[in-house]
Amino acid sequence: MRRADVETEPERGRGQRIRPPSVPLKRYSRADTSRKAMMPSARLTIDPHFSIGPIRRKLFGGFVEHLGRHVYDGIYEPGHETADAEGFRTDVIDLVRELGVDTIRYPGGNFVSGFRWEDSVGPVAQRPRRLDLAWHSTETNEVGLHEFASWLDKVGSDLMMAVNLGTRGTLEAIDLLEYSNIAGGTALSERRIANGRIEPFNVRMWCLGNEMDGPWQLGHRSADDYGKIASQAAKGMRQLDPDVQLVVCGSSSAHMPTFGEWERVVLTHTYDDVDLISCHAYYEERGGDIGSFLASAVDMDGFIESVVATADHVKAVRGSSKQIDISFDEWNVWYLERYHGVDKIEGIDNWPIAPRLLEDVYSVVDAVVFGNLMISLLKHADRVASASLAQLVNVIAPIMTEPGGPAWRQTTFFPFSITSRLARGEALRVKLDAPTYETEAYGEVSLVDAVATHDAEAGRSAVFLVNRSTTEPVTLTIDVAALGEVAVVESHTISDDDVYAKNTLDDRERVSPKPNDTARIAGGELTITLPPVSWTAIALA
C-alpha cells in the first residue's frame, strides 16, 4: 500500500475526470406495475462448457500491514474481553474466518520497505521500537512473525510473505527464507527453534518488495535497477528453496507514467526467475461522479488485460513456454482524499503508536463497486492466480473494531464473504446483452456486469451481478438451460434507498444483504429484478 503523498504521482485507478452534474438517486416500488413495464431489461446466458479457468482459492486473499490500528487495537488487543491467551481478539478471528480469506500478505505494503525482519522475532521484551517512515508512526514489534503465524493458524489462512527490497537486498531475503523454511541444523533455523517454533513456517509464496515503481517508496528504483535486484534475490531464494512461488512487483497503478514499460523491463530481467507479477489498484468516487465510480471494474479489466498482454509479449520475445500469471495483491475502494486532508501525520517529534489511519467507512455504493471488482477478478481467473484485499481490519477494511468495544462488518464485508463461499469450481464466460450508459471516465459501459461459476462435482453454480444504474431497476433474464434442472437455493442483494447508507459504531447493522425474492425459474430461464445501485449473488443447485 502506498503512502500517496508524492505530488507528482497521478491519481491511482482513475482516468482523468470532468466534474459531472449531480445524478439523481430515485427509487421505484416493485409493486408499481406501470413503472415495471418500462424497466430496462437484460439477458444473460450461462453454459458450463464456456470455462474461463479454474478458480484458485488464493483469489480470495487478504492483506495485513503494520499500519494504523490494523494490528494493534485491530487483530491484537490484550486487554479486550474477547482476547485469547496471546492477546488476539477472538471476535475479530471469528469475522476473518467468516470472511473466507485463504492467503494473507504480510507485513506490508509500504511498511516492508523499511522493515528489518530480525526485529520481529525473539523475546518480545527485547524487540526494538522503530520509526516507520512509510506511515510516520512508531512500530513496537510486539506482534511479529511468530505471533502473526499463530494468528493465521487461528483464522485458517496461509502466509504470503513480503521481503524488503527497498532498503535491504538479496542476503536479507535469503536469511528470512532460511529462518522460515529450513527445518533445522543452521544458525537461522536453530534461532527459530530457540524462539519457540520447532516446525518451519513453510511459507510458499513470497513478494519481492512492494510498489518499487512508486517515488513514495523507500528505496524506489527504476525498472531496470529493480529488475536486476529482483532477479538476484529470486535466484538466491530458489537456490535455497526451489519450490517457492515468487511475485515480482508490477505497477502500483495502471495510470503510473511508467505503466507497461515497467512491466516489460522488469519481466525481461526476471521472466525465468518468478511466477507472478503484481497489480495494485484502488478506486474512489470523486467529484460526485457516481456513474464513473460504479464502472470502476472497467478500469480493473483493462489493467489486467494490459499486464497479461505485456507478459505474453515478453514470453514471445524470449521464446519461452512458461506463463507468468498475475497476483492482484492490493485492491479495494480507498478514499485517498481523506488521507491527504485528515489522516496524514507529520512532524519530527510526532510518531504515534497505532494511530487512526485510513479508517474509511463504506457505503452501499462502495459495496456495489467492491462486488463488481470481485466479478472482474473472477472474469480473469485464467490469469489472476492470486489476489489480496487490502486490507482486513480497521485500515480501509471490511472489519472494524473499537478499542474495548465491539467488532462489526462494513458493507464491503458481504460481497467478499458471499463470493468466497459460493464461487467454486470454474469461472464461466457468460454472454451478456444489456443496455449501456455513458461515463465521464470510461465512455460507454454496460449497465449490468456479471460472471458465473460452476462446480460440476458438487452440482452447484453461482451468478454474481451488478446493476450500475442510479435510477432504474433492471429485469434480467438468465438462460440456465445448459445447467440442466436447477433451483435457486440462495439469493442475496445489497441495495438501499440511500446508496450512501453505512454500518457504523452506533448502527452496526444498518446495511446487510437481503434475499432477492424476485428470482424465479421456469422453462430453463431464471428471471430476477436488480434494484438500482445493487450487487446480487444467486446460488443454483
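The values are calculated or read from the model by the stated rules, or taken from the named source; none is laboratory data. Note that this is a predicted model, so its numbers are computed, not measured. Cβ atoms come from the backbone with ideal geometry, glycine included; neighbour counts cover every protein chain shown. To get the accessible areas, we keep the full protein, side chains included, count just its heavy atoms, and leave off ligands, DNA and RNA. Shrake-Rupley method; radii C 1.70, N 1.55, O 1.52, S 1.80 Å.
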Check your understanding: Under a point spin-label approximation (7 Å from Cα along Cα-to-Cβ), what is the residue 85-residue 194 distance to one decimal in nm?
Key -> 2.5
Point to revise | Set of lysines near residue 514 by C-alpha distance (under 18 Å), chain-local residues within fewer than 8 positions excluded | key: 502
Exercise for review: Would you mind checking region 511-541 for residues with the amide N under 13 Å from a putative spin-label position 7 Å along Cα→C-beta of residue 437?
Suggested key: 531-535
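List the pairs from 58/379; 315/379; 58/228; 58/154 whose alpha-carbon separation is above 25 Å, in the order I gave them. Intermediate results must be reported in sequence, preceding the final value.
Details: 58/379 15 Å; 315/379 22 Å; 58/228 28 Å; 58/154 18 Å.
In this structure, 58/228 exceed 25 Å between Cα atoms.
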Exercise for review: Rounded to the nearest 10 degrees, what's the angle between the helix 364-379 long axis and the longest principal axis of the chain, both from Cα atoms, 0 to 90?
Suggested key: 80
Check your understanding: So if we plug the beta-carbon distance of residue 344 and residue 500 into 1/(1 + (r/R0)^6) with R0 = 25 Å, what FRET efficiency do we get, rounded to 0.05?
Key -> 0.55
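Please give me, ordered by residue number, the GluC sites (Glu not before Pro) of region 477-531 that lie in loop per DSSP and have at most 10 other Cβ atoms within 10 Å. Write out the running numbers ahead of the final one.
Numbers: sites: 485, 490, 509, 525; in loops: 485, 509.
Answer in residue order: 485, 509.
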Check your understanding: What do you get for Rg/Rh of region 238-344 when both radii come from the Cα atoms and Rh is the Kirkwood radius?
Key -> 1.06
Check your understanding: Across all directions of projection, what mean area in square nanometres is found for the Cα convex hull of region 117-270?
Key -> 9.9
Practice item. Return the FRET efficiency for the residue pair residue 312, residue 268: r is the Cβ-Cβ distance, R0 is 22 Å, and the value is rounded to the nearest 0.05. Key: 0.95
Check your understanding: Accessible surface of residue 337 in the full protein assembly, 1.4 angstrom probe, to the nearest 10 Å²?
Key -> 110
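Relative to the present Cα-Cα distance, how much length would full extension add between residue 228 and residue 321 at 0.36 nm per residue of separation?
Numbers: separation 93, 0.36 × 93 = 33.48 nm, distance 2.20 nm.
Gain on stretching residue 228 to residue 321: 31.3 nm.
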Practice item. Report the full-extension gain for the segment residue 182 to residue 477: residue separation times 0.36 nm, less the Cα-Cα distance, to one decimal in nm. Key: 100.7 nm
Practice item. Please work out the Cα center distance from region 426-440 to region 311-343, rounded to the nearest Å. Key: 23
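Once the Cα gyration tensor of region 380-537 is found, what semi-axes does its equivalent ellipsoid get, as square roots of 5 times the eigenvalues, in whole Å, sorted largest first? Could you put the intermediate results ahead of the total?
Working: eigenvalues 158, 79, 58 Å².
For region 380-537, the semi-axes come out at 28, 20, 17 Å.
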Review point. Which length gain, in nm to one decimal place, applies between residue 337 and residue 382 when the Cα-Cα distance is subtracted from 0.36 nm times their residue separation?
Key: 12.8 nm
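Output the antiparallel fraction of DSSP beta bridges having both residues in the chain, as a percent to the nearest 5.
Values: 53 of 91 bridges.
If we restrict to bridges inside the chain, about 60 percent are antiparallel.
Any chance you could tell me what percent of the C-alpha pair distances in the chain go past 44 Å?
Working: 21161 of 146070 pairs.
In whole percent, the long-distance tail amounts to 14.
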Practice item. Between residue 509 and residue 153, take the C-beta separation as r, use R0 = 41 Å, and let me know the FRET efficiency to the nearest 0.05. Key: 0.85
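Going through region 313-413, which trypsin sites (Lys or Arg not before Pro) have at most 12 other Cβ atoms within 10 Å and a DSSP loop state?
Values: sites: 315, 318, 322, 338, 344, 356, 379, 383, 409; in loops: 322, 344, 356, 383.
Here the trypsin sites (Lys or Arg not before Pro) that fit, given the DSSP loop and packing criteria, are 322.
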Check your understanding: Which distance in nm do the two modelled labels at residue 235 and residue 485 give, with both placed 7 Å along the Cα-to-Cβ direction?
Key -> 6.3
Check your understanding: Relative contact order for the chain: what is it in percent, counting Cα pairs under 8 Å that are at least 6 residues apart?
Key -> 21
Exercise for review: Report residue 305's accessible area, 1.4 Å probe, all protein chains in place, as a number in Å² to the nearest 10.
Suggested key: 100
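Summarise the long-distance tail of P(r) for region 192-300 by giving the % of C-alpha pairs beyond 24 Å.
In whole percent, the long-distance tail amounts to 40.
Between Rg and the Kirkwood Rh of region 310-355, both from Cα atoms, what is the Rg to Rh ratio? It would help to have the intermediate numbers written out before the result.
Working: Rg = 20.6 Å, Rh = 15.2 Å.
Value, to two decimals: 1.35.
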